[in-house]
Amino acid sequence: MTIRRSLATVAAAALAVAGAQLGMAAAAHAVNLANISFDAAWGSGHQPQTLPQNFDTGHSFQIDRKGSPSAALPVNVLLVYTVGAPKLDGTDVPDLPAGFTAALDQGSCTPAAQAATGSGTAAFLCDMDVAGQVPYASFNEHIGADTPDGSVIGVTATIVPHKDNTLAKIQKAQRAGKVFTSTTDLAAVESQARAEQDSVTVQPADFTAGQTSTQSIAVHAVDNGVVTLHTASATPGVVWTDPSSSGNDGEQNIFLPIGLNATAIAGNGGALCTLVPAEYQNTYNNYSSSGLDVAQCEVTPQTTSITLTFAASATLPQTAVELSAGYHVFDNVRAPFTSSTGDFTVQPAV
């Protein structure tokens, strides 16, 4: 068995946009306000999302007028930035951490409040009922190189009636017990120096066909990261493919050869792990077409180990497997920050 380790720098990232649906009673309006969507660059996976310093990101929201494109839409959307998670009880103070900026990109929005301690506008009020305009707004955001490590940034979109056209009115109503439809996105800023403390180490173990074996991955986590596990042939010149997928592009790669399967994945310290179902590991399908990560775990600073169990049929010939673990620190950045690779061999049954 062999072990190889490498350290990768953070790659340039395209924003990954995920939508979180907002619902709102629509009895008083001609437009179904359940079709309001809030598209958040931070809004996928666990919260808060981990983002690097010196990083560009953004948010947007839109109301879908489908079915009634000309109907009146007497609502505003209040967008508020906070340092830390908001309480949504009318006491939140709009603010920005040092080095973080937010600016209107598109939409009929006006400043609603300046940052309490930081610099710049920390709240915007957006009119969703401007004649001739799509009810849409977007904002460009920048996490500065000097934004403090560990800063938590909240951004909340709240739907309010047209008459509530100031932050003071909206917060007064909240303090009186009014509950508006809101959605919040959170990001935690992490410095490269802290991210470099994370590590994974594959600890491979050989075994014999007809048996099961648990492969261990040691984890040192200082943040909430994602560990991906990737399998491939460790024999030079050998690629595992699905012959039934042969077409114009040739046979397509698969996770594992027939007769070998990953059967279980687990992590301690509150890790949340998922595994490609066994029935999809030996054929080309929607899972394998999107990449050959056979499993992944969302880990916490309390996670110290992950185990991946394999089972080999008694008739499996000698098979060398490369198992790679990648530790992904920053959300929306595809390349792992640090990685480790180990090879194990399934020996033929005697």
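By definition, a body whose alpha carbon gyration tensor gives a ≥ b ≥ c is oblate when a/c is 1.5 or more and a/b is not larger than b/c, and the range 111-178 fits this oblate description. Protein heavy-atom surface of the range 134-279, 1.4 angstrom probe: 51% of the accessible area is carbon and sulfur, with nucleic acids and ligands not counted. Label the range 129-240 by shape, choosing from rounded, prolate and oblate, from the square roots a ≥ b ≥ c of the eigenvalues of the Cα gyration tensor; if a/c is under 1.5 it is rounded, and otherwise prolate applies when a/b is larger than b/c, oblate when it is not. Cα axes put the range 129-240 in the prolate bin. Here LYS178 is the anchor, and the aspartates and glutamates within straight C-alpha reach of less than 14 Å, apart from those fewer than 8 places off in the same chain, are ASP89, ASP164.
The values are calculated or read from the model by the stated rules, or taken from the named source; none is laboratory data. All values reported here derive from a predicted model rather than from experimental measurement. Heads up: the accessible areas ignore ligands, DNA and RNA and are worked out on the full protein's heavy atoms, side chains in. Shrake-Rupley method; radii C 1.70, N 1.55, O 1.52, S 1.80 Å.
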